1. Check the stretch 292-314 and report whether any residue there is in a helix (DSSP H, G or I), in contact (Cβ under 8 Å) with a residue 60 or more places away in the chain and more than 20 Å from Ile157 (Cβ to Cβ).
2. Cβ-Cβ below 7 Å, separation at least six or inter-chain, first residue in the stretch 206-224 and touching a residue at least 12 places away in the same chain (Cβ under 8 Å) and under 14 Å from Leu80 (Cβ atoms), second assigned to a helix (DSSP H, G or I) and open to solvent by 70 Å² or more (accessible area, probe 1.4 Å): which pairs?
3. If I ask for residues that are open to solvent by less than 10 Å² (accessible area, probe 1.4 Å), part of a helix (DSSP H, G or I) and either more than 20 Å from Gly307 (Cβ to Cβ) or in contact with a Pro (Cβ under 6 Å, 6 or more places away or on another chain) (or both), which ones from the stretch 235-255 would you list?
4. Among the listed residues Ala337, Ala360, which satisfies the condition of being of a type in the set (Gly, Ala, Ser) and touching a strand residue (DSSP E or B) at 6+ places or on another chain (Cβ under 7 Å)?
5. Just give me the residues in the stretch 90-108 being among the hydrophobic types (A, V, I, L, M, F, W, C) and either closer than 18 Å to Lys5 by Cβ or touching a strand residue (DSSP E or B) at 6+ places or on another chain (Cβ under 7 Å) (or both), in sequence order.
6. Would the stretch 256-267 turn up any residue that is buried (at least 18 other Cβ atoms within 10 Å of the Cβ), on the phi > 0 side of the Ramachandran plot and not hydrophobic (A, V, I, L, M, F, W, C)?
Amino acid sequence: MHSFKQKYLINFWDNSKSLIALGILSAVYFGIFGSVWAVTGEMTRWGGEFLELFGMNLEGYSYYQIQSLRGTPLTRSDGLMLIGMFIGALIAALWANKVKFRLPASKIRIFQAILGGILSGYGARLAFGCNLADFFTGLPYFSLHTWLFTIFMVLGIFLAVKVCNLPFFKPQAKLTLVNKENCTLTHQKGRAKLHFFLGSVFFIAFLAWVFYLLYKNGNIDLANKQSLLSLALIFGFVFGFIVARGQICFTSCFRDLFLFGRDNAIKGAILGMIIASLIAFAFILGGHSAKIIALSPAVAVGAFLFGFGIVFAGGCECGWTYRACEGQSHFMIVGVANILGTMILALTYDLLPSAFKSGAKINLLVEFGNFWGFNINLILFGLLFALVLIYKKQYFCKIA
């Protein structure tokens, strides 16, 4: 029992394997709910509901009509899934004794958290998806816009890596002389036990909530969306738990490749997406339909702003979620700024040029047929994988 606790509840999980597991689970989620694992759409609704709480009438804002503010986070499957993610990440952090309130490292980091969070939230909703719906849970579902998003997101990440490497954005380390005798590390067993106990209490409360939803909404029926609320909560918990234990932040997929030549995360993400594509293809052949977004300047501009923003802020939606649950105040600021960014986009969306709101919707399976559409997507994955390997090789050749 102790070895199980240490291996699965305390130690970090392999980043690459965690991403593969998330890819598989996201495809199963698609098969059950008919929609992909995504978070910024629901965060946009939360922002809109916050404005309504203070008496603002949102009926005249088309973006909020597109997103639909019907129901509440407790009656929407997306809402319960997102709440479940926070619960899963928090319980994972408590069981591993990783919860500790920490202030931002410097004032410049607070600036980065606010600006980066706003840019990533604004960009994600301008492109109608973040690194989940338009990348990790977007590429496997055969909409060509996701590849356009990926290209410009990577460009934004690359530029942000260069900007964040400027001396101005690097916190200055201070060396101090310490006495070795006063520098011993102590393991606070009492604190670890308390956190594990609290995590267990929250987990029991989570299970009680799941059983309550099952009791309230009856047996699970795929034709009855209300009966799936308990499953949405469970999936959200599992997503959040894996994200926390695997330390999954999609920002690091390309950022670590550009900074250190490290490709473990991005290779795991690509493999996870390939497997997800196989599963999703089977569901689509069975009658499911994936969401197709129009190719437009909004996708390219939004992706670029999003890619720049997540690196500048230090984390994407998954990244700031689990880090905020660990008590890192910097990422709490990023999260609030992220939702603020979605609000700014929604309130100004009607002012954007009409070209940003229209374009060709290209489904690879429809345009090229099931066989060729599926294989074109696999070829693009293979090309992306090859580019990662080429970049890694060139990176280490330069520093050799």
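1. No, that holds for no residue.
2. These pairs meet every condition: Asn217/Gln226.
3. Gly236, Phe239, Gly240, Ala244, Arg245
4. Details: Ala337 fails: touching a strand residue (DSSP E or B) at 6+ places or on another chain (Cβ under 7 Å).
Checking each option against the conditions leaves just Ala360.
5. Of all residues in the stretch 90-108, those among the hydrophobic types (A, V, I, L, M, F, W, C) come to 90-96, 99, 101, 103, 105, 108.
Correct list: Leu90, Ile91, Ala92, Ala93, Leu94, Trp95, Ala96, Val99.
6. Initially, the stretch 256-267 is screened for residues buried (at least 18 other Cβ atoms within 10 Å of the Cβ), giving 256-258, 263, 265-267.
Pick out the ones that are also on the phi > 0 side of the Ramachandran plot and you get none.
So far as the stretch 256-267 goes, no, none of its residues is buried (at least 18 other Cβ atoms within 10 Å of the Cβ), on the phi > 0 side of the Ramachandran plot and not hydrophobic (A, V, I, L, M, F, W, C).
Quick grid of which residues meet (1) modelled with pLDDT of 95 or more; (2) touching a strand residue (DSSP E or B) at 6+ places or on another chain (Cβ under 7 Å); (3) surrounded by fewer than 22 Cβ atoms within 10 Å (Cβ to Cβ); (4) of a type in the set (Val, Ile, Thr):
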site	(1), (2), (3), (4)
Val36	no, no, no, yes
Glu42	yes, no, yes, no
Arg45	yes, no, no, no
Phe54	no, no, yes, no
Gly60	no, no, yes, no
Gln65	no, no, yes, no
Leu69	no, no, yes, no
Thr72	no, no, yes, yes
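For every residue, the table says whether it meets (1) among the polar types (S, T, N, Q); (2) within 17 Å of Met85 (Cα to Cα); (3) open to solvent by less than 20 Å² (accessible area, probe 1.4 Å).
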site: Tyr322; (1), (2), (3): no, yes, yes
site: Glu326; (1), (2), (3): no, yes, yes
site: Gly335; (1), (2), (3): no, yes, yes
site: Asn338; (1), (2), (3): yes, yes, yes
site: Met343; (1), (2), (3): no, no, no
site: Ala346; (1), (2), (3): no, no, yes
site: Asp350; (1), (2), (3): no, no, no
site: Ala355; (1), (2), (3): no, no, no
site: Ser358; (1), (2), (3): yes, no, no
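The values are calculated or read from the model by the stated rules, or taken from the named source; none is laboratory data. If you're wondering where the values come from, they're calculated on a predicted model, not measured in any experiment. Cβ: placed from backbone, ideal geometry, glycine included. Neighbour counts: every protein chain shown. Each accessible area value is taken on the protein alone, full model and side chains, heavy atoms only, with ligands, DNA and RNA left out. Shrake-Rupley method; radii C 1.70, N 1.55, O 1.52, S 1.80 Å.
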